[in-house]
Every structure is written in C-alpha cells, then in structure tokens.
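Participant: After the structure tokens below, expect a handful of questions from me.
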Amino acid sequence: MEYREKICSYEDYSRLRASVGWTNFSKAQAEAALSRSLYAVAAVEGNQTVAIGRLIGDGLYYMIADVIVRPDFQGRKIGTSILRMLLKYADDHTPDGGRSSIQLIAEKGREPFYEALGFKRIPHEFCGSGMRKIIRKIDGG
C-alpha cells in the first residue's frame with residue numbers, strides 16, 4: 001500500500017463514494033471542491049486508488065471530509081493511516097502556542113473509529129455525530 005499526498009481524480013472520488021453507498025455530486029461541483037482541498041491523501045494499491053481523505057479549512061478550523069475506504073480494503077488500518085496523516089498536517093500547520101479545531105461528521109455507527117483517534121462526540125439527531133478534536137501545540141511540542 002502506498003500513501004500519496006494528492007487530490008484524487010473525480011473518477012476515483014465518485015467510484016469510492018459509490019463503493020460505500022454514498023450519493024455522488026455533479027462532476028463540476030466535485031472537481032471544484034476537490035481542487036480547494038488544503039491537503040488530501042490517497043491510498044493506492046497497484047494502480048488503483050482504494051481510499052482517500054481530505055482536509056479543508058482556514059488554519060484555525062479544519063474539517064475532515066471524504067474519508068472513504070473501499071469495502072474490500074476496510075479493516076486494514078488504511079483509514080487510520082489516512083486520518084493520522086490529515087491530523088499531522090493540521091498539527092504541523094498550527095503555530096507554537098496556537099491551537100486548531102478539527103471537525104468532521106461521522107456516519108452513524110462509525111463514531112468509535114474516530115473516538116479512538118481522540119475525537120469527541122457532538123450528537124446530532126439527524127446524522128451520526130459531529131465530532132471534534134482540538135490540537136494544541138505549545139512551545140514547539
């Protein structure tokens with residue numbers, strides 16, 4: 001498995017969304033959104049993208065979006081690796097003495113996956129849970 005810091009193509013994006021039963025966006029809308037990602041990671045096996053994750057935001061607030069692992073590759077810690085890379089990017093871009101808030105929306109039933117990585121639940125009645133993690137960086141640590 002190779003992890004590449006790159007924005008995936010619309011074709012890979014739409015294929016991965018469909019593989020987990022998520023509705024796709026229009027090509028123009030998705031391509032515009034993908035191009036505005038701050039940071040993106042793709043897991044590639046051979047020549048196929050099997051998982052992705054994106055980070056969007058402004059440096060104070062980040063949102064993790066589109067963490068998708070193809071079902072036949074789930075359970076191999078690929079999602080965990082991608083999440084750690086996204087969190088590291090936010091941490092590396094938070095100045096000494098600063099802090100950042102990282103949020104995401106978890107699909108119902110997936111909350112424990114994110115909690116294991118330090119996220120806290122913010123329950124919402126309509127969709128899984130909003131999740132939040134605060135990264136603090138103090139004096140170069």
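Just so it is clear, none of the values below were taken in a lab; they were calculated from the coordinates. This one's a predicted model, so the numbers in the text were calculated from it and none came from an experiment. Ideal geometry is used to build each Cβ from the backbone, glycine not excepted, and the neighbour counts take in all protein chains shown.
Participant: Quick check for me: using +1 on Lys/Arg Cβ and -1 on Asp/Glu Cβ, what's the dipole size of the chain about its Cα centre, in debye to the nearest 20?
Facilitator: About 220 debye.
Participant: Using only DSSP helix segments of four residues or longer, with each worth -39500 (n - 2.57), what per-residue ellipticity at 222 nm results for the chain after dividing by its residue count and rounding to 500?
Facilitator: -8000 deg cm²/dmol
Participant: Counting only pairs 8 or more places apart or on different chains, how many lysine pairs in the chain have C-alpha atoms closer than 15 Å?
Facilitator: Lysine pairs, 8 or more places apart or on different chains, close enough: 4.
Participant: Also: For the chain, with the dipole built from +1 on Lys and Arg beta-carbon atoms and -1 on Asp and Glu ones, taken about the Cα centre, which of Gly109, Ser35, Ser81 lies farthest toward the positive end?
Facilitator: Gly109
Participant: Run the simple label-point estimate for Val20 and Lys120 please: 7 Å along Cα→C-beta, distance reported in nm.
Facilitator: 2.5
Participant: Where in the range 1-17 is the amide nitrogen less than 19 Å from a point lying 7 Å along the Cα-to-Cβ axis of Asp72?
Facilitator: 1-2, 11-17
Participant: Taking trypsin sites (Lys or Arg not before Pro) as exposed when DSSP calls them loop (any state but H, G, I, E, B) and at most 13 other Cβ atoms lie within 10 Å, what is the longest stretch of the chain free of them, the sites themselves excluded?
Facilitator: 37-76
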